[in-house]
1. Tell me the angle of helix 11-24 to the major Cα principal axis of the chain, expressed in degrees between 0 and 90 and rounded to the nearest ten.
2. Nearest 5 is fine: what % of DSSP beta bridges in the chain come out antiparallel, could you say?
3. Of R46, R55, R152, how do they rank once you tally other Cβ atoms within 10 Å and put the fewest first?
4. Of all DSSP beta bridges located in the range 49-106, what percent are antiparallel, nearest 5?
5. If the elastic network links every pair of Cα atoms under 10 Å, which of A22, A39, A12 fluctuates the most in the Gaussian network model of the chain?
6. If you fit an axis through the alpha-carbon atoms of helix 41-52 and take the longest principal axis of the Cα set of the chain, what angle between them do you get, 0 to 90°, nearest 10?
7. In a GNM of the chain with a 10 Å cut-off on Cα contacts, which of L92, L21, L72 has the highest mean-square fluctuation?
8. Among A19, A115, A71, which one shows the highest mean-square fluctuation when the chain is modelled as a Gaussian network with alpha-carbon springs under 10 Å?
Amino acid sequence: MSEVQLAVADSAAMHRLGAALAQLCEAGDVVVLTGELGAGKTTLTRGFGEALDVRGTVASPTFVIARTHPALGDGPALIHVDAYRLSSALELDDLDLDLDASITVIEWGAEMVSALTDSWLEVLIERPTGTPAAADELEQPRLVTVRAVGERWQPAQLAGLSAAL
């Protein structure tokens, strides 16, 4: 397992990080996002979708649980899942999503990802301790830890992520 910690200054940098992560992924890959409400998970996923050139606006899938954004070109689709209301990986499987042909980004999925795949990227988004609350919380700095789990990922793949910020 390898990991990298990144200081993400604002929402524009979070968006760029999502785009950089998308460049590392291929069909069948799973990315799990963990962070409190308003941490920037959907902002990161918007960058992901833009880099993959997918159809539709990437928005939080909270109320629909999962959204599939087909690729506009030859690349894989993006599946964006909010697993907050799911109790198990079986419920995710019941959605009958084509995980093998898509790149899947799962918010709140840390507890179920190991039932889906042996390799994934884990992204933990944290507000540094002592950062005061602000009117525009998305513009506060974040500490993002990207951890590669499983044989699919090599340490060198994460090394260039800081250049995107």
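1. Roughly 40 degrees between the two axes.
2. Here the share of antiparallel DSSP bridges comes out near 60 percent.
3. Ascending Cβ contact count within 10 Å gives the list R55, R152, R46.
4. About 50 percent, rounded to the nearest 5.
5. Fluctuation is largest for A12.
6. 60 degrees
7. L72
8. Top of the fluctuation ranking is A115.
Rule-based calculations on the coordinates, nothing more; no lab input. What you see is a predicted model, and the numbers here were worked out from it, not measured in a lab. With ideal geometry, Cβ positions are generated from the backbone for all residues, glycine too; neighbour counts draw on all protein chains shown.
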